[in-house]
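Engineer: Here it is, the structure in full.
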Amino acid sequence: MKSIVRKLIIRVHSGSGPLVRAIAKKVFKSGWLLNNRIYQIFILGRVARVDERRHLLKPFINIETILTCNARCVMCVHGEQSMIGVMDDELFRSVVDQAANMGAKSVGLSIYGEPFADKKFIERVEYVRGHGLSYGLFSNGSLLRRDKIERMLDLGGFESINFSVNGFTKESYERIMPPLNREKVYGNINDFLGWCRAHPGKKPFVRVSCVGLEENRAERRDYVKYWQSRPGVDHVLIADQGDWLGELEAAKKLDENAATRGVANNNWLSPCQSLWSSLFVYYDGRVSPCCEDAGSRNLIIGDCREQSLLDIWTGAAIGGLRDQHRGNQRHCHDICGKCQWNQPWIKSPEIESGESAESGGEVSPVPVAAE
């Protein structure tokens, strides 16, 4: 019965309908749930059972081939700071080699930059596929080229792509995502969907996402309707804005009632599931367990130029973080304590056998981004 209820909750929480998802987010971010002692004990119990088998956990490894981005979005640290960097070939190959040796089946090929700005991106995809790994990525869609996309489709293993498209009208899109051109990007993505149709059986899961801002509030219904009508788009997401652990100055000006990615202040902070599920390898080799850290890059648990990924994953730095979170002391941590993103722990991180820690066979979905 417990498994049936959990599957139902998962379906509701990840439902394709924006209305259903909005309701689910309100429930899981509500103070009456988060501050309920019974709920807290339930979550902490789930965390303890997962942590007892931490030696069996396999991380999903996200690789930042490039930090550089060609957009200066108003809700992104790229819009306020110069952030530039490209991963060198030797480091990239080492990370992929280690991911394969650790039993990974798939990797992420983007973190906080635009992957198609990487001149060697197709060579990197070829290297990943040479190890039998599949991959997914995030892109703003402005630099898509037919020859590159068709090569990626021909290689196989192109598992998922999230297009970040943060406006529907030309006015709002270009205000939010300068200096990109709305018509060009919309045309590129529609072309991409056409190229996928010409490669049956090779199409990745396609999500189109938009961060909900005051600038696009009035047009979100039209945005969702448009992208849901495009053949080949699998999911349309309206995500809440984040402050990137306080690094984004623009977020400090938000009205207290604005929809944000995290929970309201003074609510209970649950242990972060990312500590038991993910590694984020930045272009310079530093490693974080957290996608929210991508703007500030202060939560560093190792450097894969000096340590192996396995040593970082099983090391004292991330182990200490897990102990603190499991002990219900997340709020005491200098960085984790000011992050308001609460994951509901609906599913457990992946165990080496391919089974979740509690479900006896349910493999958790790849954590790709904070919403």
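Engineer: Determine the pairs where a residue that is in contact (Cβ under 8 Å) with a residue 12 or more places away in the chain and of a type in the set (S, T, Y), located within the range 188-210, has a partner that is part of a strand (DSSP E or B) and open to solvent by less than 80 Å² (accessible area, probe 1.4 Å) with Cβ atoms under 8 Å apart, the partner being 6 or more residues away or on another chain.
Structural biologist: Within 8 Å, the pairs are S209/N162; S209/F163; S209/S164; S209/V236; S209/L237; S209/I238; S209/A239.
Engineer: Against the condition in a loop (DSSP other than H, G, I, E, B), at pLDDT 90 or above and polar (S, T, N, Q), how does S274 come out, does it pass?
Structural biologist: In short, no.
Engineer: Same structure again: Tell me which residues, restricted to the range 130-144, are open to solvent by 30 Å² or more (accessible area, probe 1.4 Å) and part of a strand (DSSP E or B).
Structural biologist: F138
Engineer: Residue pairs, Cβ under 9 Å, 6 or more apart or interchain, first in the range 37-49 and in contact (Cβ under 8 Å) with a residue 12 or more places away in the chain, second part of a helix (DSSP H, G or I) and surrounded by fewer than 15 Cβ atoms within 10 Å (Cβ to Cβ). List them.
Structural biologist: Going by the 9 Å Cβ cut-off, there are no qualifying pairs.
Engineer: Any idea which residue in the range 72-95 is most open to solvent (accessible area, probe 1.4 Å), counting only those that are farther than 12 Å from D284 by Cα and among the small types (G, A, S)?
Structural biologist: S82
Engineer: Counting only residues that are of a type in the set (V, I, T) and open to solvent by less than 10 Å² (accessible area, probe 1.4 Å), which one in the range 264-304 is farthest from N35 (Cα to Cα)?
Structural biologist: My answer is V281.
Engineer: Are any of the residues in the range 349-358 modelled with pLDDT of 95 or more, surrounded by 14 or more Cβ atoms within 10 Å (Cβ to Cβ), in a loop (DSSP other than H, G, I, E, B) and out of contact with any helix residue (DSSP H, G or I) (no Cβ under 8 Å at 6 or more places or on another chain)?
Structural biologist: Looking through the range 349-358, none of the residues is modelled with pLDDT of 95 or more, surrounded by 14 or more Cβ atoms within 10 Å (Cβ to Cβ), in a loop (DSSP other than H, G, I, E, B) and out of contact with any helix residue (DSSP H, G or I) (no Cβ under 8 Å at 6 or more places or on another chain).
Engineer: Take the residues in the range 23-36 that are part of a helix (DSSP H, G or I) and without any contact (Cβ under 8 Å) to a residue 12 or more places away in the chain; name whichever of them is least open to solvent (accessible area, probe 1.4 Å).
Structural biologist: Going through the qualifying residues, I end up with L33.
Engineer: Okay, moving on. Of I312, I238, which residue is among the β-branched types (V, I, T), touching a helix residue (DSSP H, G or I) at 6+ places or on another chain (Cβ under 8 Å) and either modelled with pLDDT of 95 or more or surrounded by fewer than 15 Cβ atoms within 10 Å (Cβ to Cβ) (or both)?
Structural biologist: Exactly one of I312, I238 is among the β-branched types (V, I, T), touching a helix residue (DSSP H, G or I) at 6+ places or on another chain (Cβ under 8 Å) and either modelled with pLDDT of 95 or more or surrounded by fewer than 15 Cβ atoms within 10 Å (Cβ to Cβ) (or both), namely I312.
Engineer: Oh, and also: For A117, only one of the following conditions fails: (1) in contact with a strand residue (DSSP E or B) (Cβ under 8 Å, 6 or more places away or on another chain); (2) open to solvent by less than 10 Å² (accessible area, probe 1.4 Å). What is its number?
Structural biologist: For A117, the failing item is (2).
Engineer: Further, regarding this structure: Looking at (1) free of Cβ contacts under 8 Å to residues at least 12 places away in the same chain; (2) touching a Cys at 6+ places or on another chain (Cβ under 6 Å), which is the only condition A316 fails?
Structural biologist: Answer for A316: the failing condition is (2).
Engineer: Name every residue in the range 211-242 that is in contact with a Phe, Trp or Tyr (Cβ under 6 Å, 6 or more places away or on another chain) and among the hydrophobic types (A, V, I, L, M, F, W, C), in order of residue number.
Structural biologist: Listed by number, the residues that qualify are V233, V236.
Engineer: Being basic (K, R), free of Cβ contacts under 8 Å to residues at least 40 places away in the same chain and outside any helix (DSSP H, G or I): is that true of K119 here?
Structural biologist: yes
The values are calculated or read from the model by the stated rules, or taken from the named source; none is laboratory data. Everything numeric here is computed off the predicted structure, so don't read it as measured data. Cβ coordinates were reconstructed from backbone atoms using ideal geometry, including for glycine residues, and neighbour counts include every protein chain displayed. Only protein heavy atoms, including side chains, enter the accessible area calculation; ligands, DNA and RNA are left aside. Shrake-Rupley method; radii C 1.70, N 1.55, O 1.52, S 1.80 Å.
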